[in-house]
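The values are calculated or read from the model by the stated rules, or taken from the named source; none is laboratory data. Everything quoted here is computed from the prediction, not taken from an experiment. So basically every Cβ, Gly included, is an ideal-geometry build from the backbone, and we count neighbours across all protein chains shown.
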Amino acid sequence: MARMILMLALCVLPALVSATRPVANPLTVEGRVYCDTCRAGFETSATTYISGAKVRVECKNRRTQDLMYSTEGETDSTGTYKISIKEDHGDQLCDAVLVSSPNSDCAKADPGRDRARVILTRYNGIVSDTRFANSMGFMMDQPMSWCNQLLQQYQEFDD
């Protein structure tokens, strides 16, 4: 019996220690935040990128949806954010989420483009330490005056 307990301790204890230890090379969540100047619901050639927008990475329990992890970051002058994640969140649902925009005329989050799912584990075959999130956007209060001409470029015509 003593051998069994010793064997169990030698096998299980190292696994528990390595599972609770922070990741040696942190993962990085990277994405962009834009202002939808034409209120099109997607990025266009008139889209501008927001410097100083706040973004949060949230991870929730798959079953209970309880918040398990949260950290924030801010976009640089190109509208790009890079948030370092030190722990593995393999069995959690993680999203990059818009928090706020510094532009008062472009501060309403675009429904459906206000969050982006990210996979924050090393046990999925992805070699890179960088996890790219889809672009997220805020909408202008009023579309720019020239948006009608721009959006006509995106219309499909049936022949």
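Here the condition is being in contact with a strand residue (DSSP E or B) (Cβ under 9 Å, 6 or more places away or on another chain), surrounded by fewer than 13 Cβ atoms within 10 Å (Cβ to Cβ) and more than 30 Å from THR37 (Cβ to Cβ); of ASP141, ASP129, ASP91, it holds for ASP91 alone. Of all the residues in region 22-70, those that are surrounded by fewer than 18 Cβ atoms within 10 Å (Cβ to Cβ) and of a type in the set (Phe, Trp, Tyr) number 2. The number of residues in region 90-111 being in contact with a Ser or Thr (Cβ under 7 Å, 6 or more places away or on another chain) and either modelled with pLDDT of 95 or more or not in a loop (DSSP other than H, G, I, E, B) (or both) comes to 1. Of the residues making up region 112-141, those that are touching a residue at least 12 places away in the same chain (Cβ under 8 Å) and assigned to a loop (DSSP other than H, G, I, E, B) number 15.
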